Amino acid sequence: MSERSNPIVIIPARMASTRLPGKPLADIHGQPMIMHVWRRAMEADIGPVVVACAETEIADVVRDAGGEAVLTHPGHLSGSDRIYEALELFDSDGRHDLIVNLQGDLPTIDPATVGASLRPLAKSAVDIATLATPIGDPAELGDPNVVKAVLSIAMGGQMGRAIYFSRLGVPWGDGAYYHHIGIYAYRRAALARFVGLPHGVIERRERLEQLRALENGMRIDAVIVGAIPQGVDTPEDLERARALLAP
């Protein structure tokens, strides 16, 4: 990263969720889930943290707790579209050149993991950075809900270029397999380009948004981290998060 690097963390949040409606405001030991994520991002200490909200009730909760919130169009189809609108509204002067897109349903994430997402951007050729962790459970290879990152990475290496992402257990042959973690860090120009691109053929087929970048020649590098953050998508996930965060 250059000396002028000035990161910002943006957390997209919306109330609509098929399996857990109202997810951002789900209570975890007296605090809404979105505030647990916000606090972890603040602890990462890499720059300001902004919640990009689809609804006023989320924005009100964040602001009442002393956080920054930006109200965005409720019709966005993806978190990347939502964070880009929030970035343009919050930082119209372009002061922030690196943007971390942190999912709003990761209340137990390690702050160090948030910071690690920026590391690949130290290489000027990298447009987008992300995270991955080695797959230890063979059952994950056959699970389409586990996205695999195909990385060009040397044995024992901690960072490498993403060649492909798939719901299948690829590549073929002996070697490590990697579980993709959907946290991204963008150069500002790369984010602007990405949200303006049409959806790709392979993106639609695999139902993986990051393939749009690869289909259009953008470079994604991934850094290896030690654990998968516990996401919250269902009531059962919420109970697990409450157990993990029990005082």
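Taken together, the values in this text are just the output of simple stated rules run on the coordinates, not laboratory data. In this text, all values refer to a predicted model and were calculated from it rather than measured experimentally. Heads up, the Cβs are rebuilt from the backbone with ideal geometry, glycines too, and the neighbour counts pull from every protein chain shown.
Grab the Cα-Cα distance for residue 45 and residue 174, subtract it from 0.36 nm times how many residues apart they are, and report the gain in nm with one decimal. It would help to have the intermediate numbers written out before the result.
Values: separation 129, 0.36 × 129 = 46.44 nm, distance 3.89 nm.
The residue 45-residue 174 span can extend by a further 42.5 nm.
In the neighborhood of residue 205, defined by Cβ-to-Cβ distances under 11 Å, what is the net charge if each Lys or Arg adds +1 and each Asp or Glu adds -1? Could the numbers behind the result be given before it?
Details: positive: 167, 204, 207; negative: 203, 206, 215.
Around residue 205, the surrounding residues sum to 0.
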Length released on extending from residue 152 to residue 27, taking residue separation times 0.36 nm less the Cα-Cα span
40.9 nm
I need the phi-derived Karplus couplings for segment 118-135: 6.51 cos²θ - 1.76 cosθ + 1.60, θ = phi - 60°, integer Hz, Gly and Pro marked x.
7, 4, x, 6, 5, 8, 5, 6, 7, 8, 9, 10, 8, 10, 8, 9, x, 7
Just to be sure I understand the model, the point goes 7 Å from the Cα along the line to the Cβ. What's the resulting residue 65 to residue 112 distance in nm?
2.4
Using a simple spin-label model with points 7 Å from Cα along the Cα→Cβ vector, what separation in nm is obtained for residue 93 and residue 17?
3.6
Express in whole angstrom the spacing between the alpha-carbon centres of segment 24-97 and segment 173-247.
18
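Kindly provide the chymotrypsin sites (Phe, Trp or Tyr not before Pro) of segment 158-230 that DSSP labels as loop, not H, G, I, E or B, and whose Cβ sees at most 10 other Cβ atoms within 10 Å. Display every interim value, and only then the final one.
Working: sites: 164, 165, 172, 177, 178, 184, 186, 194; in loops: 172, 177.
Within segment 158-230, the qualifying chymotrypsin sites (Phe, Trp or Tyr not before Pro) (loop, at most 10 other Cβ atoms within 10 Å) are 172.
Between residue 167 and residue 239, what is 0.36 nm times their sequence separation minus the Cα-Cα distance? Round to one decimal in nm.
Working: separation 72, 0.36 × 72 = 25.92 nm, distance 2.67 nm.
Contour length minus Cα-Cα distance gives 23.3 nm.
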Taking the Cβ of residue 112 as the centre, find all other residues whose Cβ is under 14 Å away and add up their charges (Lys, Arg: +1; Asp, Glu: -1).
-1
Could you list which residues have their amide H under 5 Å from that of residue 219, counting only those 5 or more apart in sequence or on another chain, with H placed in the peptide plane?
127, 128
The chain: spread of alpha-carbon positions along the three principal axes, whole Å, largest first, is 52, 42, 33
